[in-house]
Amino acid sequence: AQKITQTQPGMFVQEKEAVTLDCTYDTSDPSYGLFWYKQPSSGEMIFLIYQGSYDQQNATEGRYSLNFQKARKSANLVISASQLGDSAMYFCAMREGLRNAGNMLTFGGGTRLMVKP
Amino acid sequence: GAVVSQHPSWVICKSGTSVKIECRSLDFQATTMFWYRQFPKQSLMLMATSNEGSKATYEQGVEKDKFLINHASLTLSTLTVTSAHPEDSSFYICSAHPPGLAREQFFGPGTRLTVL
């Protein structure tokens, strides 16, 4: 079974508008971390935001916020005030186990976001 | 944040040759590094976990004799693609993690391998 599911292969958003990228996950481990990465055409993986399973508040980093709904096992990324430079692939990922930073990430299939001028 | 480098950033080789890719953690020591492979328009798939001073752990379906991993020091892991074939052409990305609880996983810039 898929551990991380991103149901939107591609999304368009108008410049300056907000956009939500969906991510659902599946784990039986009560301790886990959820990540969002941006991958532009250059290929580098740019860390955007992190949410731990025990974090009480939704994570925010500048224009990025994570809508964490634990009971639904969803961790949607919200990008506010989209910019042309936001056009890229976006990956949701999960690491099971919080106490070991050495655990690997499992990635979703990705969403390609295209920002229209 | 922590920095992870990869070398080379791209490589073109002939079928049947071997290619070595290096992954270095520049400002921290990493007992564990991960190697991912990404085919065009696809997601990152974990190939193997590189453990300093011991054998790597390979994911199901990844040939350990074809993808040799050596993690000889706390700052360097190498991936060698032996007898490369066109189907091995891909984007290879490593990640490394500072010790302890990490709210971020640090990735190298990736290596684009093209096998002719």
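The values are calculated or read from the model by the stated rules, or taken from the named source; none is laboratory data. Since this is a predicted model, take the numbers as computed values, not measurements. Cβ sites come from the backbone with ideal geometry, for glycine too, and all protein chains shown count toward neighbours. Quick note on the areas: whole protein, heavy atoms, side chains included, nothing else; ligands and nucleic acids left out. Shrake-Rupley method; radii C 1.70, N 1.55, O 1.52, S 1.80 Å.
For the protein assembly as shown, take the convex hull of the Cα atoms, compute a quarter of its surface area, and give me that in nm², please.
Numbers: hull surface 50.8 nm².
Result: 12.7 nm².
Describe numerically, in nm with one decimal, the distance between label points set 7 Å from Cα along Cα→Cβ at A:A18 and at B:H7.
4.6 nm
Residue by residue, what Karplus-based ³J(HN,Hα) values in Hz, rounded to whole numbers, does the stretch A:45-59 have, using 6.51, -1.76 and 1.60 with θ = phi - 60° and x for Gly and Pro?
Karplus values, whole Hz, x for Gly and Pro: 9, 9, 5, 10, 6, 9, 9, x, 5, 9, 5, 7, 10, 5, 6.
Past 24 Å, Cα to Cα: identify those pairs from A:K73/B:K41; A:K3/A:K116; A:K38/B:K14; A:K116/B:K41, in the order given.
Numbers: A:K73/B:K41 26 Å; A:K3/A:K116 31 Å; A:K38/B:K14 32 Å; A:K116/B:K41 21 Å.
Violating the 24 Å Cα-Cα cut-off are A:K73/B:K41; A:K3/A:K116; A:K38/B:K14.
Charges at C-beta only: +1 for Lys and Arg, -1 for Asp and Glu. How large is the resulting dipole of chain B about its Cα centre, in Debye rounded to 20?
Numbers: 10 positive and 9 negative charges, 34 e Å.
Computed charge dipole of chain B: roughly 160 debye.
Roughly how crowded by other chains is peptide A:45-58, in terms of the mean Cβ count from those chains within 10 Å of each of its Cβ atoms? Could you put the intermediate results ahead of the total?
Details: counts 12, 1, 6, 1, 2, 4, 1, 2, 0, 0, 1, 0, 0, 0.
Across A:45-58, the average partner-chain Cβ count within 10 Å equals 2.
Any chance you could check the Cα centroid distance between the stretch B:47-106 and the stretch B:8-46 for me, in angstrom?
Rounded to whole Å, the Cα centres lie 7 Å apart.
Grab the beta carbon distance between B:Q60 and B:D27, set R0 = 25 Å, and tell me the FRET efficiency rounded to 0.05. Can you show the working numbers first?
Values: r = 33 Å, r/R0 = 1.33.
Efficiency computed from Cβ-Cβ geometry: 0.15.
For the stretch A:3-28 and the stretch A:57-89, what is the centre-to-centre distance using only Cα atoms, to the nearest Å?
Spelled out, the Cα-based centre of one part sits 9 Å from the other.
How would A:D86, A:D26, A:D55 rank on accessible area, largest to smallest, probe 1.4 Å? Don't jump to the answer; show the numbers that get you there.
Details: A:D86 5, A:D26 75, A:D55 50 Å².
From most accessible down to least: A:D26, A:D55, A:D86.
With a 1.4 Å probe and all protein chains kept in place, how much accessible area does A:S41 have, in Å² rounded to the nearest 10?
120 Å²
Please give the net charge around B:S89, taking every other residue with its beta carbon less than 15 angstrom from that of B:S89, where Lys and Arg add +1 and Asp and Glu add -1. Spell out each step's value before the answer.
On the way: positive: B:K14, B:R37, B:K41, B:K66, B:R112; negative: B:E87, B:D88.
My count for the surroundings of B:S89 gives +3.
Over the stretch A:14-117, what relative contact order in percent results from Cα pairs under 8 Å that are six or more residues apart? Numbers along the way, then the final one.
Numbers: 229 pairs, mean separation 35.7, N = 104.
Relative contact order, the stretch A:14-117: 34 percent.
Partner chain Cβ atoms within 10 Å, averaged over the residues of B:103-111 - can you pull that number for me?
Numbers: counts 12, 8, 12, 2, 8, 2, 4, 5, 1.
Across the residues of B:103-111, the mean count of other-chain Cβ atoms within 10 Å is 6.
Summarise the partner chain shielding of B:26-39 as one whole number: the mean count of Cβ atoms from other chains within 10 Å of each residue's Cβ.
Working: counts 0, 0, 0, 0, 2, 2, 5, 2, 4, 1, 4, 0, 7, 0.
Mean number of neighbouring Cβ atoms from other chains: 2.
Over the alpha carbons of chain B, what is the largest minus smallest coordinate on each principal axis, giving the biggest first in Å?
Each principal axis gives a Cα extent; for chain B these are 41, 28, 23 Å.
When only C-alpha pairs under 8 Å and at least 6 residues apart count, what is the relative contact order of chain B, in percent? Walk me through the intermediate numbers first.
On the way: 287 pairs, mean separation 42.7, N = 116.
This gives 37 percent for chain B.
Report the Cys residues of chain B lacking a disulfide-compatible partner, meaning no second Cys Cβ under 4.7 Å from their Cβ.
If one checks each Cβ against the other cysteines of chain B, B:C13 turn up with nothing under 4.7 Å.
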